[in-house]
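Data first, discussion second: the structure below is written as structure tokens.
The values are calculated or read from the model by the stated rules, or taken from the named source; none is laboratory data. Note that the structure is a prediction, hence the values are computed from the model and not measured. A quick note on method: Cβ atoms are made from the backbone with ideal geometry, for glycine too, and the neighbour counts reach across all protein chains shown. Ligands, DNA and RNA are excluded from the accessible area calculation, which covers all protein heavy atoms including side chains. Shrake-Rupley method; radii C 1.70, N 1.55, O 1.52, S 1.80 Å.
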Amino acid sequence: MEFVELIKTPKVDGVILHRPFQSPLDGTLCITGHHLILSTRVEHHEELWLLHRNIDCIERRFDANRGAIVIKCKNLQILRLDIPGQEEALNIADSIETLSTLEDISLWYPFYFRPRQFDILEDGWQAFNVESELTRLISHADHSWRISHVNKDFTVCPTYPETVAVPKSVTDELLLASASFRDGGRFPVLSYYHGDNGAVIMRSSQPLVGTTGRRCKEDERVLNASLRPGKKGYIIDTRSPNLIQMAKNRGGGCEPEVNYSQWKRVHRPVERHTALQESLCKLVDACNDSRASMDKWLSRLESSNWLGHVKDILTCACLTAQCVDKEGTLLVAV
């Protein structure tokens, strides 16, 4: 596929760029396969180079003789382009929308970028080695953890690294059974080791309990193997009881206390990403409204509920820190 097929109008003159708290910029707008470019063609004036993949969404506004496109970027920047002519504005909006949502990864900018001559300082692929970092992490433990390559080639869980840290007494066969009982194959793995008292934080996805109360003894053994003698563990579930019940109806759920008697489940609801994104968008819109009075701004801040979300997240984080520091092993189900 050629990019020219996706660009209905490659260039438009007389476009005015509006940015919060900056003077309007009048220039020529050009669309390439990967960038939106606005140039004033005036010396010492900056150009706008916006990568299509950095665009989150656009809004279209039209009047009698011209159109406006509001661009909301993934870095929270908001731009407005005033374009002469409704047809040109519509073509530009369609082109931006198409180019910013390409699903074929091979068409993304990194596969087309050709850098100028430069010296390679280091091999970026080796800048962070998971196995060496995990080895360093468990070296402070009391020989109760080991490195596992059960996820080699990402065959067990596509969202975990190939190398993970697990309790030393747990075999790879147990991990495979546990993975089959966890959503997306995300079996419990070590995320953090607290050197002061030997407590750990593990992470996993929800168990596939369902409405029938399905059980997996191998998964129970994996979790219990992470506990120190005489200690109990805590499961921090960031879902509300209603969401857990809905998950059960779809085949998911939570760890039944009768089967996980050495674990105490604690609910600290944190909104899912969709609600957080909507709240953040409302906050950004309020912050970019330079004409709003103080009372109106405070009202919009409250209605966004952003501070409420921040409070919920900090409360959950504080509980997690307290459990690790004072109690013992912790499993965060996400």
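In table form, for the structure just shown:
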{"quantity": "Exclusive hit being touching a helix residue (DSSP H, G or I) at 6+ places or on another chain (Cβ under 6 Å), in a loop (DSSP other than H, G, I, E, B) and not basic (Lys, Arg), set ILE7, ILE69, ILE83", "calculated": "ILE7"}
{"quantity": "Subset of region 206-224 (residues that are open to solvent by 10 Å² or more (accessible area, probe 1.4 Å) and part of a helix (DSSP H, G or I))", "calculated": "LYS217, GLU218, GLU220, ARG221, ASN224"}
{"quantity": "Close pairs from region 239-250: first over 18 Å from ASP312 (Cα atoms), partner among the basic types (Lys, Arg), Cβ under 8 Å, at least 6 apart", "calculated": "ALA247/ARG239"}
{"quantity": "Matching residues in region 260-303 - criterion: being crowded, with 17+ Cβ neighbours inside 10 Å and in a loop (DSSP other than H, G, I, E, B)", "calculated": "TYR260, ARG268, VAL270, GLU271"}
{"quantity": "Sole exception among (1) farther than 23 Å from THR320 by Cβ; (2) open to solvent by less than 60 Å² (accessible area, probe 1.4 Å); (3) modelled with pLDDT under 90; (4) part of a loop (DSSP other than H, G, I, E, B) for LEU227, by number", "calculated": "(1)"}
{"quantity": "Candidate set from region 24-58 (those that are over 13 Å from ASP82 (Cβ atoms) and acidic (Asp, Glu)); member that is surrounded by the fewest Cβ atoms within 10 Å (Cβ to Cβ)", "calculated": "GLU43"}
{"quantity": "Residue count, region 230-253 (criterion: farther than 16 Å from GLY213 by Cα and not basic (Lys, Arg))", "calculated": "11"}
{"quantity": "Residues (surrounded by fewer than 17 Cβ atoms within 10 Å (Cβ to Cβ), without any contact (Cβ under 8 Å) to a residue 40 or more places away in the chain and under 20 Å from the mean Cα position of the chain (by Cα)) located in region 163-205", "calculated": "GLY184"}
{"quantity": "Any hit, region 96-108, residues being polar (S, T, N, Q) and surrounded by 16 or more Cβ atoms within 10 Å (Cβ to Cβ)", "calculated": "yes"}
{"quantity": "Filter result for SER299 (touching a residue at least 24 places away in the same chain (Cβ under 8 Å), more than 27 Å from LEU176 (Cβ to Cβ) and hydroxyl-bearing (Ser, Thr, Tyr))", "calculated": "no"}
{"quantity": "Qualifying position, being out of contact with any Lys or Arg (no Cβ under 8 Å at 6 or more places or on another chain), in a strand (DSSP E or B) and of a type outside the set (Val, Ile, Thr), among LEU38, LEU17", "calculated": "LEU38"}
{"quantity": "Positions within region 172-198 being of a type in the set (S, T, N, Q) and at pLDDT below 95, in sequence order", "calculated": "SER191, ASN197"}
{"quantity": "Strands (runs of 3 or more DSSP E) (entirely within region 119-197) containing at least 2 residues that are over 24 Å from GLY230 (Cα atoms)", "calculated": "145-148"}
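Let's see how each residue does on (1) outside any loop (DSSP other than H, G, I, E, B); (2) under 29 Å from SER279 (Cα atoms); (3) among the charged types (D, E, K, R):
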{"residue": "GLY27", "(1), (2), (3)": "yes, no, no"}
{"residue": "ARG53", "(1), (2), (3)": "yes, yes, yes"}
{"residue": "GLU59", "(1), (2), (3)": "yes, yes, yes"}
{"residue": "LEU76", "(1), (2), (3)": "no, yes, no"}
{"residue": "GLU88", "(1), (2), (3)": "yes, no, yes"}
{"residue": "THR98", "(1), (2), (3)": "yes, yes, no"}
{"residue": "GLU103", "(1), (2), (3)": "no, yes, yes"}
{"residue": "ARG114", "(1), (2), (3)": "no, no, yes"}
{"residue": "GLN117", "(1), (2), (3)": "no, no, no"}
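The rows are residues; the columns are (1) at pLDDT 90 or above; (2) acidic (Asp, Glu).
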| residue | (1), (2) |
| --- | --- |
| LEU36 | yes, no |
| ASN65 | no, no |
| LYS74 | no, no |
| GLN86 | no, no |
| PRO110 | no, no |
| PHE113 | no, no |
| ASP123 | no, yes |
